[in-house]
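What follows is a single structure, written as structure tokens, with notes after it.
Derivation of every value follows stated rules applied to the coordinates shown; laboratory data play no part. These numbers come from a predicted model, not from an experiment. Cβ: placed from backbone, ideal geometry, glycine included. Neighbour counts: every protein chain shown.
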Amino acid sequence: MFIHTRRLFLILAAFAAVSLATPALAWEPQEQIATYAVSGSSGAELYDEIGRKGPVIGDGRRTVAHTTFKLTWRRDYQPRKDGSCVLASAIPRLIITYTLPEAKGSLSPALKASWQKFRDGLLTHEKVHGTHIVEMVQMIQAMSVGLKAANDPGCQKVRAELQGHLKELSDEQRARGRAFDREEMGQGGNIQRLILALIQGP
């Protein structure tokens, strides 16, 4: 996956520099798997069920698998004696949910093996999205801590400045996800190969 944006390169470089200079982050993302049931006696039948039951994404289309997340923060804004305000700490709580199909009913040994390979490949793909999300949160934290605004006794200016950075980093994360999906789902991509192997299998 290649992202050709100078802005993202600069953000990642800055994050790498901060990471080298600071200890490990005092938080861990939580990951969970949600499933939806499909059934069939062949790979083609299972995939047909996916087309009818897969999760609906933002534009109303159904997809095979999907990654979502819930992110909340515990932030400590500190007004200073000189009238400025500094964001002294920012601790995230991140829950990542991977939604995947789960085959129900009895499968032949060959189909079971084919399905497991397909599902494992889907999870591997979705976990890359999860990594993008974690990296975004790490970059937000690295950027947030120490953020300061002068003449801000109510800490409103620093909050507004933070929101601008959050949008930028969120947009970059979405762009990375879209680029990765285009690569994986395009002609000859990994997801396309997984689907074809399932459909053409036992």
Total charge of the residues flanking Trp27 in space, meaning their Cβ is under 12 Å from its Cβ, with Lys and Arg +1 and Asp and Glu -1, is +1
Listed peptides 71-80, 118-127, 176-185 by packing density, highest first (mean Cβ within 10 Å) = 118-127, 176-185, 71-80
Hey, quick one: spin label on Val128, modelled 7 Å out along Cα-Cβ, who in the range 38-69 has an amide N within reach, i.e. under 18 Å?
-> 63-68
Please turn the phi angles of the range 61-71 into ³J(HN,Hα) values with the Karplus equation 6.51 cos²θ - 1.76 cosθ + 1.60 (θ = phi - 60°), one per residue in order, whole Hz, x for glycine and proline.
-> 7, 8, 10, 6, 8, 7, 10, 10, 8, 10, 10
Under 13 Å Cα to Cα from Lys81, which aspartates and glutamates show up? Leave out anything in the same chain fewer than 8 places away.
-> Asp152
Near Lys148, which aspartates and glutamates are there with a Cα under 19 Å away, not counting those fewer than 8 places off in the same chain?
-> Asp76, Asp82, Glu161, Glu168
For the range 97-148, radius of gyration divided by Kirkwood radius, i.e. Rg to Rh on alpha-carbons | 1.32
Counting Lys +1, Arg +1, Asp -1, Glu -1, what net charge surrounds Gly146 among other residues with beta carbon under 13 Å of its beta carbon?
-> +1
Please work out the FRET efficiency for the pair Asp59 and Asn190, using the Cβ-Cβ distance as r and a Förster radius of 22 Å; give the result to the nearest 0.05.
-> 0.50
To the nearest 20 debye, the range 21-200 has a Cα-centred charge dipole, built from +1 on Lys and Arg Cβ and -1 on Asp and Glu Cβ, of 300 debye
Any lysines with Cα under 20 Å of the Lys112 Cα? List them, leaving off those in the same chain fewer than 8 positions away.
-> Lys53, Lys104
The computed P(r) of the range 21-200 puts the percent of Cα pairs beyond 28 Å at 40 percent
Counting Lys and Arg as +1 and Asp and Glu as -1 over every other residue whose Cβ sits under 15 Å from the Cβ of Ile133, the net charge comes to -1
What's the FRET efficiency of Arg174 with Lys104 using the Cβ-Cβ distance as r and R₀ = 35 Å, to the nearest 0.05?
-> 0.60
Pairwise FRET efficiency - Lys117 versus Arg74, Cβ, R0 = 41 Å, nearest 0.05 | 0.50
How long is the gain from Ala150 to Ser42 if the chain were fully straight, where each residue apart is worth 0.36 nm and the alpha carbon distance is subtracted?
-> 32.4 nm
Ordered by fewest other Cβ atoms within 10 Å, a rough proxy for footprinting exposure, Asp59, Asp82 read Asp59, Asp82
Amide H contacts of Asp152 (H built 1.01 Å from N, under 5 Å, at least 5 apart or other chain) = Ser84, Cys85
